[in-house]
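Following: one structure in structure tokens, then a few remarks.
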Amino acid sequence: MTKTARLLPFADLKLLPTDLAVDPSGNVYVIDLGTIRVLKLDAGASAPIVLPFNDLKDSSSVAVDSKGNVYLNDGLHFRILKLAVQS
């Protein structure tokens, strides 16, 4: 069986992605260094949303735990941020 890659709807945003993560539900999280924001594409969604991480400087990695909490490093601010699942 031949499988082909499917283009996710991030392409039109002209991102400069530095990292991505996928949670157990299939949601995709991408750091866009060009606009210094974190985007989330819910599984099956047609467009990503911007997550409410504020005042970012140099984020280069994102992680999601089994509960759906999102963790982000903010290198130039010397901090690790957590966005709780209910946010």
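The values are calculated or read from the model by the stated rules, or taken from the named source; none is laboratory data. Being a predicted model, the structure only gives us computed values, none of them experimental. Backbone-built Cβ (ideal geometry, glycine too); neighbour counts: all protein chains shown.
Please go through region 1-53 and pick out each residue that is touching a residue at least 40 places away in the same chain (Cβ under 8 Å), in contact with a strand residue (DSSP E or B) (Cβ under 7 Å, 6 or more places away or on another chain) and surrounded by fewer than 14 Cβ atoms within 10 Å (Cβ to Cβ). Correct list: Val22 only. Would you mind stating whether Asn54 is modelled with pLDDT of 95 or more, out of contact with any Ser or Thr (no Cβ under 8 Å at 6 or more places or on another chain) and polar (S, T, N, Q)? No. Annotation: of all residues in region 1-26 being within 20 Å of Asp58 (Cβ to Cβ) and not aliphatic (A, V, I, L, M), the one that is farthest from the chain's Cα centre (by Cα) is Lys14. The set of residues in region 24-46 that are under 18 Å from Val85 (Cβ atoms) and assigned to a loop (DSSP other than H, G, I, E, B) comprises Pro24, Ser25, Gly26, Asn27, Asp42, Ala43, Ala45. Restricting region 27-86 to residues that are among the hydroxyl-bearing types (Ser, Thr, Tyr) and closer than 23 Å to Lys14 by Cβ, the residue that is farthest from the chain's Cα centre (by Cα) is Ser46. For region 52-87, the set of residues classified as part of a loop (DSSP other than H, G, I, E, B), farther than 13 Å from Arg37 by Cβ and not charged (D, E, K, R) consists of Ser60, Ser61, Ser66, Gly68, Asn69, Phe78, Ala84, Val85, Gln86, Ser87, listed by residue number.
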